[in-house]
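Visitor: Structure below; questions to follow.
Please treat every number below as a calculation from the coordinates, not as lab data. These figures come from a predicted structure and were not determined experimentally. Positions of Cβ are backbone-derived with ideal geometry, glycine not excepted, and every protein chain shown enters the neighbour counts.
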Amino acid sequence: MAEATTDPVRLPPGPAIPKLVQGIGFVTARHRAVSALQRRWGTAFTMKLPILGPTVVIADPVLIKDLFTSGNDLVGRASNLGTVLGPGSTFSLDGTEHLRRRKLLVPPFHGRRMAGYETIVEEEVLRETAGWPQGREFETLQSMMRITLNAILRTVFGAQGSALNQLAELLPQWVPLASRMAVLPPGLRRDLGPWSPWGRVARYRNRYNDIIASLIREARADAAVEQRNDVLALLLAARYEDGSPISDEHVGDELLTLLAAGHETTATTLAWAVERIRRHPRLLSRLVAEADAGGSQLRQATIWEVQRTRPVVEGTTRMTRTRIRLGQWVIPAHHAVVVSATLVHGSEANFVDAATFNPDRFLHRPPDNYTWIPFGGGVRRCIGAAFANMEMNVTLRTLLREFEFAATDRPAERRHSRGIATAPAKGGLAVVYRRTTRAARQADADATPVGNR
């Protein structure tokens, strides 16, 4: 792991072009920018970025392991999302306080509760796809967004009825706007009235707080709250080691964090999954056969490979809290370190024929923690990783059982940055037929005498 040091600072080399130019390239074309820099500078280089300043980018699994296994006294958070998610969000916490909170957040996403969540996800998939058109091309991304949003609102927020409808209307407007504002300098995050961007963020937050306060009151008044499995109810019952509860305000911040971290990213990965498997018809046939037989190993390997080849979050960032040694480099305190998923996932040293989409590479061979990092790593690894994986698995299983996806030989959809997530530029286009409809049509054809066809 990384270690504290008093040795002279020694940063990896990097381009000498102006910070603004580097920043524009990193924001607008991250994939191409970091790939070009890796070809020139190798698996560790230094960039100059707006807001973050001098930033070390790494893609060496040894350095990644050293960074991820470092203690909270050496490396901490490096995200502005806490400014919009609230002071009680894990994106706002560091050190011992972060570890105490994380310990309370782990139980809701493991064990028997996950099995109960599967039913809700399947219900939302069937509800959303009931209106899917047959035989004509359409974007799947917005459908995936609605599936993941409603699934999170029900499993995490415990929302139903009016509260579910209010949150489903509010959050898609608020969270993307707030996320874009979070990357701006603090001076630009000012409330200049109801029509200003930050003014809208503030008013959305007030509406959210009112809805969450109502959900918390309802949960406390629910005589059967101890039997509930939604995360809100579990967090209200959770206690730190000293017996104290999480404050209501912090519960609201954490629920919002879980949604912001898991809604768009999971939906976008599902859209990429559709985009990928339609271009691999033999794989698609195998996936359908496996789903019909009740299996899941190839589907799981496919999810892992989609996340490897099309990471929707192309890196994770840490901030040094003191001067540290990371491999041969000495990085000063308060310095950003970006772990590039784009580079580590696309490395031939880590994956044979890395540019090829090949789920069989993960069949019976789960990915390594330091060469496959769509959920980050270490003590800041995404707390909802198991939930997101379950959600993707159940969604794909249901889609494969319900629909026949038409294969295509069109070129791959290019990557398009949506701010937080990198999505398929055309929204993950699909052409589908209901399998029950197709099967019934074939049965009718088989039953029709040849002379009458």
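Visitor: Return an integer: the convex hull volume of the alpha-carbon atoms of the chain, in Å³ per residue.
Guide: 171
Visitor: OK, next. What's the magnitude of the charge dipole for the chain around its Cα centre, counting Lys and Arg as +1 and Asp and Glu as -1 at the beta-carbon? Answer in Debye, nearest 20.
Guide: So the magnitude is around 1160 debye.
Visitor: Order the peptides 82-89, 13-20 from the highest to the lowest mean number of other Cβ atoms within 10 Å of their residues.
Guide: 82-89, 13-20
Visitor: So, one more: Could you order the peptides 142-150, 119-127 from most to least packed, using the average number of other C-beta atoms within 10 Å per residue?
Guide: Sorting 142-150, 119-127 by mean packing, highest first, produces 142-150, 119-127.
Visitor: Based on DSSP H runs of at least 4 residues, each adding -39500 (n - 2.57), what is the mean residue ellipticity at 222 nm of the chain after dividing by all its residues, to the nearest 500 deg cm²/dmol?
Guide: Mean residue ellipticity, 222 nm, calculated: -16000 deg cm²/dmol.
Visitor: Mind checking the full-extension length gain between Ala202 and Thr356? Use 0.36 nm per residue of separation minus the Cα-Cα distance, one decimal, nm.
Guide: Answer, rounded to one decimal: 51.0 nm.
Visitor: Next question, about the same structure. Sorting Asp94, Asp60, Asp353 on the 10 Å Cβ count, fewest up front, what's the list?
Guide: Going from sparsest to densest Cβ surroundings: Asp353, Asp94, Asp60.
Visitor: In square nanometres, what is the average projected area of the Cα convex hull of region 295-449?
Guide: Projected area, direction-averaged: 12.8 nm².
Visitor: Also, quick follow-up: Under 28 Å Cα-Cα from Lys19, which lysines qualify once same-chain neighbours fewer than 8 residues away are excluded?
Guide: Candidates past the 8-residue exclusion: Lys48.
Visitor: Among Leu270, Leu141, which comes first, then next, by fewest other beta-carbon atoms within 10 Å?
Guide: On the way: Leu270 27, Leu141 22.
Neighbour counts put them in this order, fewest first: Leu141, Leu270.
Visitor: Ratio of region 1-148's C-alpha Rg to 2.2 N^0.38 Å, to two decimals?
Guide: Ratio of Cα Rg to 2.2 N^0.38 Å: 1.46.
Visitor: Determine the sum of side-chain charges near Arg318: Lys and Arg each +1, Asp and Glu each -1, restricted to other residues whose C-beta is under 10 angstrom from that of Arg318.
Guide: Values: positive: Arg77, Arg321, Arg380; negative: none.
With Lys, Arg at +1 and Asp, Glu at -1, the net is +3.
Visitor: How would Lys426, Lys103, Lys48 line up from fewest to most surrounding beta-carbon atoms within 10 angstrom?
Guide: Lys103, Lys426, Lys48
Visitor: Determine the relative contact order of the chain: mean sequence separation of Cα pairs under 8 Å and six or more apart, normalised by residue count, in whole percent. Intermediate values should be presented prior to the final figure.
Guide: Values: 683 pairs, mean separation 113.3, N = 453.
Computed value for the chain: 25 percent relative contact order.
Visitor: Using 0.36 nm per residue, how much length does the chain from Trp41 to Ala407 gain when fully extended, once their Cα-Cα distance is taken away?
Guide: Full extension of this stretch gives 127.8 nm more.
Visitor: What is the ratio of the Cα radius of gyration of region 266-366 to 2.2 N^0.38 Å, with N the residue count, to two decimals?
Guide: 1.39
Visitor: What's the extension gain from Ser247 to Ile24 if we count 0.36 nm per residue and subtract their Cα-Cα distance?
Guide: Details: separation 223, 0.36 × 223 = 80.28 nm, distance 4.00 nm.
Gain on extension, Ser247 to Ile24, equals 76.3 nm.
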